[in-house]
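What follows is one structure encoded as structure tokens, with my remarks underneath.
Where a number appears in this text, it was derived from the coordinates with a stated rule and is not lab data. All figures in this text were calculated on a predicted structure; none of them were measured in a lab. Neighbour counts run over all protein chains shown; Cβ positions are idealised from the backbone, glycine included.
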Amino acid sequence: MEWACLDLLNSDSRGCTDRSRDDDLLDDPRWLEGFLSRWGFQAAGSPDAGARASLGALRSLLRRIVMSFSAGEGVSARDLARLNEFLEASPAVQRIREVEGGYAAEYVPLRRDWAWVCAEIAREFAREMEHGEPSRFKMCANPACRWFFYDESRNRSRRWCARDCGNLVKVREFRARRRAAPASSPDPTVPPGPTRGTPPGETRH
């Protein structure tokens with residue numbers, strides 16, 4: 001499942017040492033151009049500093065909301081009001097048009113600018129809040145990754161953005177346990193050898 005809001009959330013990889021990059025893609029004009037193309041937002045044009053700041057603010061807001069859902073909490077009144085500000089920043093009208101076999105109502109923005117881009121991303125997320133299961137938006141449990149994903153598992157038990165991340169964390173935890181174990185402690189995975197001075201195959205009485 002593809003989401004523009006996840007694309008925006010994952011545009012910041014600063015400090016994510018297990019990712020292939022460590023940067024903020026909102027500072028990359030080529031990424032922004034591709035972002036517009038992927039989600040059909042080309043009419044917004046090239047972003048200025050204000051547009052990038054708005055995208056960054058929306059990204060931070062969505063991150064807080066996702067983390068609230070992950071913690072089993074509701075959205076704070078402040079964050080809900082801020083989300084509404086993004087939704088309201090792009091004026092639009094609704095109209096009906098004739099289509100094959102009937103009619104269809106549609107939502108038509110009055111301006112296709114960067115406020116519209118932010119509103120469309122916020123609207124996508126808000127629709128999931130209303131009709132879906134927003135707690136399925138999660139952040140990878142690997143603290144060195146922090147990639148956001150949508151959990152499509154039946155029981156919402158997925159913890160990692162990918163299997164590789166889960167394996168990395170398990171290996172690190174195993175090595176940490178081994179380093180923390182006292183040096184004199186026997187390795188439980190190695191069978192005990194014969195008692196010193198006792199021939200193999202014999203037991204000292």
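Once you have a ≥ b ≥ c as the square roots of the Cα gyration tensor eigenvalues for the range 30-82, tell me rounded if a/c is under 1.5, and otherwise prolate or oblate according to whether a/b is larger than b/c.
Because a/c hits 1.5 or more and a/b exceeds b/c, the range 30-82 counts as prolate.
Once the dipole of the range 4-178 is set up with Lys and Arg at +1 and Asp and Glu at -1 on Cβ about the Cα centre, which of 80, 55, 141 lies farthest towards its positive end?
With unit charges placed on the Cβ atoms, the residue in question is 141.
Within a Cβ distance under 11 Å of residue 139, other residues only, what is the Lys/Arg minus Asp/Glu net charge?
Neighbourhood net charge equals +3.
Rank 121, 67, 101 by how far each Cα sits towards the positive end of the charge dipole of the range 4-178 (+1 on Lys, Arg Cβ; -1 on Asp, Glu Cβ) and give me just the farthest.
It is 67.
Roughly speaking, what % of Cα-Cα pairs in the range 4-178 are separated by over 19 Å, rounded to a whole number?
Here the long-distance tail beyond 19 Å is 63 percent of all Cα pairs in the range 4-178.
Rounding to the nearest 20 debye, state how big the charge dipole of the range 4-178 is about its Cα centre with +1 on each Lys and Arg Cβ and -1 on each Asp and Glu Cβ.
I would put it at about 1040 debye.
Could you derive backbone 3J(HN,Hα) for the range 34-39 from the dihedral phi with the Karplus parameters 6.51, -1.76 and 1.60 (θ = phi - 60°), listing whole Hz in sequence and x where the residue is Gly or Pro?
x, 4, 4, 5, 4, 10
First select every other residue whose beta carbon is under 10 angstrom from the beta carbon of residue 121; then total the charges, Lys and Arg +1, Asp and Glu -1.
Summing Lys and Arg as +1 and Asp and Glu as -1 gives -1.
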